[in-house]
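This report concerns only the one structure given below.
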Amino acid sequence: MKMEKILKTLCGAIGTSGDETAPVKAALELTGLPNGKVLPLGSGCVSLGKADAEKVILLEAHMDQIGLVVTSVDEHGFLHFANCGGSDQRVMPGCPVRVFATGADKPLLGVVGSVPPHLDRANTDKVPDVEDMTVDLGLPAVKAKTVVCPGDRVVPVYEPKKLMGTRFSSAALDNRAGAAAVVRAARLLQQVDLGSWRVLLLFSTMEEIGGQGAHTAAYTAAVDEAICVDVGFGIQPGVKPEVSHPVGGGVMIGSAPILDRGMTRRLGQLADENHISYKWDVMGGFTGTNSDDIAVTRGGVRTALLSVPQRSMHTPAEVVDMQDIEDTALLMALYVCDRCGASLPQPAQSAEEPAADTAASAGAESDGEVWSACLPQLCRERGVSGSEEGVRELILSQISNFAEKIEITPLGSILAYKKGKNRAKTRLLLNAHMDEVGLIITHITDEGFLRFAPVGRIDPRVLPGRSVTVGYGKNTVPGVIGLKPIHLLEKGERGKAIPVEELYIDIGAKDKQEAAKVAVPGDMVTFNSVYEENGFSVKSRALDDRAGCALLVHLMQQPDWAYDTIFEFAVQGEVGCNGSCTGAYLAQPEAAVVVECTAASDVPGTETDQQVCRLGQGPVITFMDHKTIYDKEYTKWAFEEARKAGVPCQWQEGVDGDNDAGAIYISRGGVRTAAVSLPCRYPHAPMGIVSRSDYEAAGALLQCLAQRIAGTPCSGQ
Ligand SMILES: [Zn+2]
């Protein structure tokens, strides 16, 4: 079996400390051995060789992964949580998560929200404490309270994926990488005559919260020798070479007072004899792994420790090399053969195999009813400012049958002219922007990491640990935004935001040359995230402003349209309104309505009078923002039309942000402009939330407002 398949199976079975049933079961099955047993604290064990063998050697890996645990659900339906294992708070803001809710038959999608940066100016260099962050499920409070219970587990959304060469990335690789080595060793030893020895494979629980699983299992098993497998620190920016080993550089053989010197030395000799590359991983005191516990079980157990080097440990961006795992497994199997005087029947299978499938962005999925026409497709399409081609093609395919004429502007915006039943009394333009915020590659380091700059305004605190896609069209490569492991942080680094210049994308390249084959400066980067709708909300990447585009597509497709109207799908809305500025010049409207997403700050930690707008209270009408003073009459009409249409509508209660209106209303001799926005939580982050009722209300309001503006002669104010 390919190592990639073993890792995908093990990493895909989710299990935080104390809740490891799924990964333990998966590991036992992967060994291919019968009679696997689950012990009282959940650890799984299975053995090779005669049941009455004189001596027993234990091969151990822990199965739990770090995660979060819900502590309470507040009166607004936000989930408060605590760490379950050593999660790094720096990867949490903006992180899409799965909540394993007691009252739901499948995990619920949520996002870790925090106070928007512009409302938190004094603290933007700090990452909030875990107690001050919450998970937002986009559900009404009463619903959240019925399904979620304190004690429910929360895990980041992640997708195990192969990177370049033999590198592999996933959350939970600490320690599914170790478990994969034990599984492989078991498979290598299945044809070996173990003589008077028995090999016990132990997949233990609760290592991240103290090692209770291995502690109790080792007592029960009464073993003579043990080899533990865990992960070690891989070399990466910010990590000292003295305490780390290159990912892809072979196995790390632990050396510490608690570890048996004879076993350790023999492992080194066997690695030398069999040309397995390794590094001594010397620790002064305890190892911080299960070997500390196993060594002192009963009257004492001779114990050794092997580690697989790993970058970005304890984040969703963990990276290992599959060949290192193969090397670790081979060394363990060689050691066992050495003890029983046997030899391995065949050399280990190489991990250098073609990928079974290419890792792509996290799966497209939908929960139940789809209520938004082409919104799912629009959100899945990638299009950072300046790279909107895919979004443009998709929109054109949806609207071309409904337009009298379509123009593509020199910068790439769409101007679509829709015929109404009447000639417009006022030449009206409806505008939404096609682009999304993202990143752009600026530089490739000698080590093969990709440095980047943000495209559009992104709070750098939402970046560490995120899964991303680099490149265009079919020429993309998956990556993760790496960061120094929490264990190695210096005093003062904990809870501190990482500046963008220090972040980098890990695509698993060996070096600069390899990376340069798949990425060049200027390549666009988008977040990978999941798309999901439920009865109350939609959660996705790029809702700003694909939700606006979807509303405009929906309006274009209406058969009963009162007046001739121009629809604009603009490029580069997030980087200075360049598309809308030039588009308005070409289209020459007399009036415009900009359809946007605006930041809803109705989240814990924001005072009520600072929330600006709230999810679920209808589309947002703006009187003024940082670039535009909106047309007073149109603004008044928006509220009147909402009332007539029987939908709610809310003021943007604050002068906040800006949008394409800023360019349109000063085009040529001036354009009377209004903005109808969807309240969106976390708009410039990997996953935002928009309410279903707001989306539907905005559609109804826009149709009425467009009819009134286009049907009334434009006379200025
Ligand atoms: Zn926008």
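Residue count for the stretch 630-674 satisfying the condition of being without any contact (Cβ under 8 Å) to a residue 24 or more places away in the chain and closer than 22 Å to E574 by Cβ: 1. Consider the stretch 425-443 and keep the residues that are away from the ligand (no atom under 16 Å from the Cβ) and crowded, with 24+ Cβ neighbours inside 10 Å. The one that is farthest from P237 (Cα to Cα) is L428. Taken as a whole, the stretch 116-125 holds at least one residue that is at pLDDT below 95, in a loop (DSSP other than H, G, I, E, B) and buried (at least 19 other Cβ atoms within 10 Å of the Cβ).
Within the option set G383, G420, G390, G412, being in the same structural domain as R672 (by TED's automatic domain parsing) and within 16 Å of the ligand (Cβ to nearest atom) holds for one residue only, G383.
Within the stretch 81-101, the presence of a residue that is among the hydroxyl-bearing types (S, T, Y) and at pLDDT 95 or above is excluded. R668 satisfies every condition listed in (1) among the charged types (D, E, K, R); (2) within 16 Å of the ligand (Cβ to nearest atom); (3) in a loop (DSSP other than H, G, I, E, B) except (2). Picking from residues in the stretch 435-462 that are part of a loop (DSSP other than H, G, I, E, B) and under 18 Å from the mean Cα position of the chain (by Cα), the one that is farthest from E318 (Cα to Cα) is V437.
Conditions (1) under 26 Å from G85 (Cα atoms); (2) surrounded by fewer than 21 Cβ atoms within 10 Å (Cβ to Cβ); (3) more than 16 Å from the ligand (Cβ to nearest atom), marked per residue:
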position: S467; (1), (2), (3): yes, no, yes
position: V470; (1), (2), (3): no, no, yes
position: E493; (1), (2), (3): yes, yes, yes
position: I498; (1), (2), (3): yes, yes, yes
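Can you spot a residue in the stretch 306-319 that is of a type in the set (V, I, T) and assigned to a loop (DSSP other than H, G, I, E, B)? Yes, the stretch 306-319 contains a residue that is of a type in the set (V, I, T) and assigned to a loop (DSSP other than H, G, I, E, B).
Residues that are assigned to a strand (DSSP E or B) and in contact with a Pro (Cβ under 9 Å, 6 or more places away or on another chain) within the stretch 80-114 comprise H80, P96, V97, R98, V99, F100, L109, G110, V111, V112, G113, listed in sequence order. Residue under question is I481, and the condition is that it be crowded, with 21+ Cβ neighbours inside 10 Å and among the hydrophobic types (A, V, I, L, M, F, W, C); does it hold? So I481 passes the test.
Taking residues in the stretch 266-288 that are at negative phi, and partners anywhere that are surrounded by 11 or more Cβ atoms within 10 Å (Cβ to Cβ) and of a type in the set (S, T, N, Q), the pairs with Cβ atoms closer than 8 Å and at least 6 places apart or on different chains are A271/S277; W280/S255; D281/S255; D281/S307; V282/S255; M283/S255. Residue under question is T608, and the condition is that it be surrounded by fewer than 18 Cβ atoms within 10 Å (Cβ to Cβ) and away from the ligand (no atom under 16 Å from the Cβ); does it hold? Judged against the criteria, T608 is a match. Name every residue in the stretch 676-697 that is in a helix (DSSP H, G or I) and more than 25 Å from K636 (Cβ to Cβ), in order of residue number. The answer is R692, and nothing else. Condition check: touching a Pro at 6+ places or on another chain (Cβ under 7 Å) and buried (at least 18 other Cβ atoms within 10 Å of the Cβ). Does T628 satisfy that? Considered against the rule, which asks whether it is touching a Pro at 6+ places or on another chain (Cβ under 7 Å) and buried (at least 18 other Cβ atoms within 10 Å of the Cβ), T628 comes out as no.
Just to be sure before I move on: is V154 without any contact (Cβ under 8 Å) to a residue 40 or more places away in the chain and within 24 Å of F527 (Cα to Cα) in the structure I sent? The answer is no for V154. If you filter the stretch 269-299 down to residues that are of a type in the set (G, A, S) and crowded, with 17+ Cβ neighbours inside 10 Å, you find that the one that is farthest from T220 (Cα to Cα) is A271.
The values are calculated or read from the model by the stated rules, or taken from the named source; none is laboratory data. All figures in this text were calculated on a predicted structure; none of them were measured in a lab. Methodologically, a virtual Cβ is constructed for each residue, glycine included, from the backbone with ideal geometry; neighbour enumeration extends over all protein chains shown.
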